[in-house]
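Before any comments, here is the structure.
None of the figures in this text is laboratory data; all of them are computed from the coordinates on show. In this text the structure is predicted, and so the values were computed from the model without any measurement. Here the Cβ is made from the backbone with ideal geometry for all residues, glycine too, and neighbour counts use every protein chain on show.
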Amino acid sequence: MDKKGFTLIELLVVIVILSILATFVGSKIMSKPEEARRTQAKIQIEALENALKMYKLDSGEFPSTEQGLKALVEKPTVGSVPRNWREGGYLDKNKVPKDPWKNEFVYLSPGMRNPDGFDLFSYGADGKAGGEGNDADIGNWDTEEQTQQ
């Protein structure tokens, strides 16, 4: 009696193996969007840094923490009001972007890490200070070129 086909045990072994492979491959594929978001946040921070440097060239100083990044799109009315603020602002689309997780970037001037300049950062995927991996903060101290006076 010669039976052709698979036994239930053989099918279950194949299903388990395929499940393990799918989990491994799926986790590798699913980690890429977060890596892309972190890269996007670094690029946005660099672009905002350049806009802040242009602001400083025109006004002689970086916006205060109170004025925030909004000073790049609207002439500040509080604190040290710049005389040479660029008409039209310093950002394309006249809008301060949010980080890739739809949170506001954090801006401190003077900075805690850069007391002669500013700190500009995103709290990462979790939206909270600190964290590890995808939840780690991403700041202008992570970019290749540090903000100079």
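Computed from the C-beta positions of residue 129 and residue 17 and an R0 of 30 Å, the FRET efficiency is 0.10 to the nearest 0.05.
For the chain, just say rounded, prolate or oblate: build the C-alpha gyration tensor, square-root its eigenvalues into a ≥ b ≥ c, call rounded for a/c under 1.5, and beyond that prolate if a/b exceeds b/c, oblate if not. In terms of gyration-tensor shape, prolate.
For the chain, the longest principal axis of the Cα atoms and the long axis of helix 8-59 meet at an angle of about 10 degrees.
Which order do peptides 80-88, 54-62 fall in by mean Cβ count within 10 Å, highest first? Don't jump to the answer; show the numbers that get you there.
Details: 80-88: 11.7, 54-62: 16.0.
The peptides rank, most packed first, as 54-62, 80-88.
Peptide packing for 91-98, 122-129, 33-40 was compared via the average number of neighbouring C-beta atoms within 10 Å per residue; ordered from the highest value, the list is 122-129, 33-40, 91-98. Here the label points at residue 94 and residue 50, each 7 Å from Cα along the C-beta direction, are separated by 2.1 nm in the simple model. Of the peptides 106-115, 7-16, the ranking by mean beta-carbon count within 10 Å, highest at the top, reads 106-115, 7-16. With R₀ fixed at 30 Å, the C-beta to C-beta distance from residue 39 to residue 10 puts the FRET efficiency at about 0.10.
On full extension, the segment bounded by residue 142 and residue 66 gains 25.0 nm, given 0.36 nm per residue less the C-alpha separation.
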